[in-house]
1. Show me the helices (runs of 4 or more DSSP H) found entirely inside the stretch 33-87 where at least 3 residues are free of Cβ contacts under 8 Å to residues at least 12 places away in the same chain.
2. Which one is surrounded by the fewest Cβ atoms within 10 Å (Cβ to Cβ) among residues in the stretch 120-152 that are within 12 Å of the ligand (Cβ to nearest atom) and closer than 20 Å to GLY189 by Cβ?
3. Quick one: what pairs do we get from the stretch 152-173, first residue charged (D, E, K, R), second away from the ligand (no atom under 13 Å from the Cβ), C-beta under 9 Å, 6+ apart or different chains?
4. Considering only the stretch 120-144, how many residues are within 21 Å of GLN21 (Cα to Cα) and in contact with a Leu (Cβ under 7 Å, 6 or more places away or on another chain)?
5. How many residues are of a type in the set (A, V, I, L, M, F, W, C) and in contact with a strand residue (DSSP E or B) (Cβ under 7 Å, 6 or more places away or on another chain) if we restrict to the stretch 39-91?
6. Which residue is farthest from LEU24 (Cα to Cα), if the candidates are limited to the stretch 153-168 and must be crowded, with 16+ Cβ neighbours inside 10 Å, more than 9 Å from the ligand (Cβ to nearest atom) and not hydrophobic (A, V, I, L, M, F, W, C)?
7. Taking ASP64 as meeting all but one of (1) within 16 Å of the chain's Cα centre (by Cα); (2) of a type in the set (Asp, Glu); (3) farther than 21 Å from ASP166 by Cα, write down the number of the exception.
8. Quick check, is LEU16 at pLDDT 95 or above, among the hydrophobic types (A, V, I, L, M, F, W, C) and under 21 Å from PRO111 (Cα atoms)?
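The values are calculated or read from the model by the stated rules, or taken from the named source; none is laboratory data. As the structure is a prediction and not an experimental result, all values here were calculated from the model. All Cβ positions, even for glycine, are placed from backbone atoms using ideal geometry, and neighbour counts span all protein chains on display.
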Amino acid sequence: GPLEETSLPLFFGWFLCPSFQEKLRSMAKDFLKTLQGLEAFKKHLSDFTGEAEKEVDLEQHFQDKGMLHCTTKLCDYGKAEGSKEYAEQQAVKDRYGSMSELKLSALFLTPRTLGARVSLTEDQLQLWPADAEKEAMPDADLPPGSRAHVTLGCAEGVEPVQTGLDLLELVLLQQQGQEGEQVQDLDLGPLAYYGKGMWVLSLHESSLAPACFCSYYG
Ligand code: A2P
């Protein structure tokens, strides 16, 4: 019936608690400020601007996408494939509304997106859709959870779905043995450049973000 049709959300995911959202936003802001001042970044500025000499204001380049969260399953109100099956899984029903800690292991950015990589625990992986990586990269063999992230910002005209795709590209490079060009140690950890405007700041001490597993209806 019509009620059933509207009962599936836009997406399921972990929603960061408000005080941690603040903390993560300010961490990202500091990172952008530092990055922008580095000679190594200026050397690769054309990745972002298309022109070597042009300035870029990274804080303006990435637009905030609202409430910080880590999407598990996009359901699109039931229109997305597998959404009903996902919502009906016992693990999803059991954990709905529960709190856990998301381990943030890196901040990354590309000319398109800015995000935080999330390292899911075994327990959290039970809520991770089996085909999340395959759906985006059918030919790669990436471990489940490789795509898990929090979108912190997107360049103009870029949809947030891109953040996970950019992360997968980075994870694939790492899986192929690329460590990136080690640029320098920042306060938060080592910074590496992976080419084509892709930067990764691995966090020395991964941040633990308290988050609630639930859904968003929009
Ligand atoms: P992300 O998880 O990177 O933030 P939208 O507003 O575009 O409908 O997206 C709603 C949420 O679902 C966003 O958080 C977005 O990206 C995520 N999302 C959008 N499309 C997909 C997709 N095809 N697969 C997985 N997550 C998606």
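1. Of the helices (runs of 4 or more DSSP H) lying wholly inside the stretch 33-87, those with at least 3 residues that are free of Cβ contacts under 8 Å to residues at least 12 places away in the same chain span 39-43.
2. Among those that are within 12 Å of the ligand (Cβ to nearest atom) and closer than 20 Å to GLY189 by Cβ, it is HIS149.
3. The qualifying pairs are GLU156/HIS61; ASP166/LEU109; ASP166/MET198; GLU169/TYR194; GLU169/LYS196; GLU169/MET198.
4. Filtering the stretch 120-144 down to residues within 21 Å of GLN21 (Cα to Cα) leaves 120-121, 124.
From what is left, the residues that are in contact with a Leu (Cβ under 7 Å, 6 or more places away or on another chain) are none.
Residues meeting the conditions: 0.
5. From the stretch 39-91, those of a type in the set (A, V, I, L, M, F, W, C) are 40-41, 45, 48, 52, 56, 58, 62, 67-68, 70, 74-75, 80, 87, 91; that's our starting set.
Among the residues that remain, those that are also in contact with a strand residue (DSSP E or B) (Cβ under 7 Å, 6 or more places away or on another chain) are: 40, 62, 67-68, 70, 74-75, 80.
Matching residues across the stretch 39-91 total 8.
6. ASP166
7. (3)
8. So LEU16 does not fit the description; no.
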